[in-house]
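Before any comments, here is the structure.
The values are calculated or read from the model by the stated rules, or taken from the named source; none is laboratory data. From a predicted model like this one, the values you see are computed outputs, not experimental measurements. All Cβ positions, glycine included, derive from the backbone under ideal geometry; neighbour counts span all protein chains shown. In case anyone asks, the SASA skips ligands and DNA or RNA and just uses the protein heavy atoms, side chains included. Shrake-Rupley method; radii C 1.70, N 1.55, O 1.52, S 1.80 Å.
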Amino acid sequence: MQGLPDPERDLALYYDRHAPVPNTRALTPHRVECREWFVRLLKAEHRHSMLELGCGTGVEGAEFVRAGLHYTGVDLSSESVRLARSAGLDASVANGRNLPFPDSVFAAAWTMSTLLHVPNSGIHDVVRELVRVTAPGAPIAVGLWSGEDDEVLNPEDLDEPRRFFSRRSDETVCRIFSEHGLIEHFRTWPEGVGVESGPGAGNWVQHYQFLLLRTPSPN
């Protein structure tokens, strides 16, 4: 973690500490529905390789592998990556600002509840990297928790360091991603309770945002 900017180092520390806790949110009905929809899309387009940015311990990665996809995951948390590898997944420690892959190497990308940790000052750099490592015309699926365009530390985190969140409105999310390709699909669903609840310990009014960005095709 040496050399990481403070927010990234803090995130890595947080998720290193919480990696052993089972991630149930990745298996909630809306998330499962979106993942299955994405898998069907990749198969219909004969796309066989994909990158997950923010792979965590590999809960969704295992499902992508089970679906027959060639999967690669990256995460800031070395402990999360260790657990993902122990489950047989191809995973490595990396940050979204500087992905350790050649141009256009993946046929698709997936990143859920990860880019909300990237500040507005760096979000375009990260999206640009996702576009760079995916093929022209590739689909990139993105999931985020909404907000009122504020940048805050999560009030539900009881231990320091707390997680940073950039909580963006639907309009802001669409504006940011449309600068990097075509938004083909955008949907939201309301915050639920229990595992369907988002961050903030009930202090935030929010919903989940799911979009599909299609990277620019060659001229």
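For (1) within 17 Å of the chain's Cα centre (by Cα); (2) among the aromatic types (Phe, Trp, Tyr); (3) at pLDDT below 90, each residue gets a yes or a no:
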{"site": "Tyr14", "(1), (2), (3)": "yes, yes, no"}
{"site": "Glu36", "(1), (2), (3)": "yes, no, no"}
{"site": "Arg40", "(1), (2), (3)": "no, no, no"}
{"site": "Cys55", "(1), (2), (3)": "yes, no, no"}
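Would it be correct to say that Phe186 is farther than 21 Å from Glu60 by Cα, in contact with an Asp or Glu (Cβ under 8 Å, 6 or more places away or on another chain) and surrounded by 14 or more Cβ atoms within 10 Å (Cβ to Cβ)? Even if it seems obvious, please write down each step before you answer.
Numbers: farther than 21 Å from Glu60 by Cα: no; in contact with an Asp or Glu (Cβ under 8 Å, 6 or more places away or on another chain): yes; surrounded by 14 or more Cβ atoms within 10 Å (Cβ to Cβ): yes.
Spelling it out, it is not the case that Phe186 is farther than 21 Å from Glu60 by Cα, in contact with an Asp or Glu (Cβ under 8 Å, 6 or more places away or on another chain) and surrounded by 14 or more Cβ atoms within 10 Å (Cβ to Cβ).
When you check Phe101 against the structure, is it buried (at least 18 other Cβ atoms within 10 Å of the Cβ) and of a type in the set (A, V, I, L, M, F, W, C), yes or no?
Considered against the rule, which asks whether it is buried (at least 18 other Cβ atoms within 10 Å of the Cβ) and of a type in the set (A, V, I, L, M, F, W, C), Phe101 comes out as no.
Go through the range 37-59 residue by residue and tally those that are farther than 23 Å from Ser92 by Cβ and either charged (D, E, K, R) or open to solvent by less than 30 Å² (accessible area, probe 1.4 Å) (or both).
Restricting attention to the range 37-59, the residues satisfying the condition of being farther than 23 Å from Ser92 by Cβ are 37, 40-41, 43-46.
Filter once more, keeping what is either charged (D, E, K, R) or open to solvent by less than 30 Å² (accessible area, probe 1.4 Å) (or both): 40, 43, 45.
The total comes to 3.
Identify all residues within the range 64-80 that are out of contact with any helix residue (DSSP H, G or I) (no Cβ under 6 Å at 6 or more places or on another chain) and either in a strand (DSSP E or B) or not polar (S, T, N, Q) (or both); write none if there are none.
Keep residues of the range 64-80 that are out of contact with any helix residue (DSSP H, G or I) (no Cβ under 6 Å at 6 or more places or on another chain), which gives 64-66, 68-70, 72, 74, 78.
Those that are out of contact with any helix residue (DSSP H, G or I) (no Cβ under 6 Å at 6 or more places or on another chain) and either in a strand (DSSP E or B) or not polar (S, T, N, Q) (or both): Phe64, Val65, Arg66, Gly68, Leu69, His70, Thr72, Val74.
Of the residues that sit in the range 163-219 and are small (Gly, Ala, Ser) and within 16 Å of the chain's Cα centre (by Cα), which one is modelled with the highest pLDDT?
Pass one, the range 163-219, residues small (Gly, Ala, Ser): 166, 169, 178, 181, 192, 194, 197-198, 200-202, 217.
Within this subset, residues satisfying the condition of being within 16 Å of the chain's Cα centre (by Cα) are 166, 198.
Details: Ser166: 96, Gly198: 92.
Across the range 163-219, the extreme among qualifying residues is Ser166.
What residue, of Ala19, Ala107, Ala94, is at pLDDT 95 or above and either over 17 Å from Val142 (Cβ atoms) or aromatic (Phe, Trp, Tyr) (or both)?
Numbers: Ala19 fails: at pLDDT 95 or above; Ala107 fails: either over 17 Å from Val142 (Cβ atoms) or aromatic (Phe, Trp, Tyr) (or both).
Of Ala19, Ala107, Ala94, the one residue that is at pLDDT 95 or above and either over 17 Å from Val142 (Cβ atoms) or aromatic (Phe, Trp, Tyr) (or both) is Ala94.
For every residue, the table says whether it meets (1) within 17 Å of Ser146 (Cα to Cα); (2) assigned to a helix (DSSP H, G or I); (3) in contact with a Leu (Cβ under 7 Å, 6 or more places away or on another chain).
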{"position": "Glu171", "(1), (2), (3)": "yes, yes, no"}
{"position": "Phe177", "(1), (2), (3)": "yes, yes, yes"}
{"position": "His180", "(1), (2), (3)": "no, no, yes"}
{"position": "His185", "(1), (2), (3)": "yes, no, yes"}
{"position": "Gly192", "(1), (2), (3)": "yes, no, no"}
{"position": "Val195", "(1), (2), (3)": "yes, yes, no"}
{"position": "Gly198", "(1), (2), (3)": "yes, no, no"}
{"position": "Ala201", "(1), (2), (3)": "yes, no, no"}
{"position": "Leu211", "(1), (2), (3)": "yes, no, no"}
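In a helix (DSSP H, G or I), out of contact with any helix residue (DSSP H, G or I) (no Cβ under 7 Å at 6 or more places or on another chain) and more than 30 Å from Trp204 (Cβ to Cβ): which single residue out of Leu83, Leu42, Leu130 fits that description? Lay out the reasoning, then the answer.
Details: Leu83 fails: more than 30 Å from Trp204 (Cβ to Cβ); Leu130 fails: more than 30 Å from Trp204 (Cβ to Cβ).
Only one candidate passes the filter, namely Leu42.
For the range 13-22, check the following and say yes or no: at least one residue is open to solvent by 60 Å² or more (accessible area, probe 1.4 Å), farther than 19 Å from Val131 by Cα and of a type in the set (Val, Ile, Thr).
Here is the first cut: in the range 13-22, the ones open to solvent by 60 Å² or more (accessible area, probe 1.4 Å) are 13, 15, 17-18, 20-22.
Subset that is farther than 19 Å from Val131 by Cα: 13, 15, 17-18, 20-22.
From what's left, of a type in the set (Val, Ile, Thr): 21.
Yes, that holds for at least one residue.
With Leu115, Leu153, Leu158, Leu83 as the choices, which residue is more than 21 Å from Glu36 (Cβ to Cβ) and touching a Lys or Arg at 6+ places or on another chain (Cβ under 7 Å)?
Values: Leu115 fails: touching a Lys or Arg at 6+ places or on another chain (Cβ under 7 Å); Leu158 fails: touching a Lys or Arg at 6+ places or on another chain (Cβ under 7 Å); Leu83 fails: touching a Lys or Arg at 6+ places or on another chain (Cβ under 7 Å).
After ruling out the rest, the residue left standing is Leu153.
I'd like to verify a number: residues in the range 128-183 that are β-branched (Val, Ile, Thr) and in contact (Cβ under 8 Å) with a residue 60 or more places away in the chain, how many?
5
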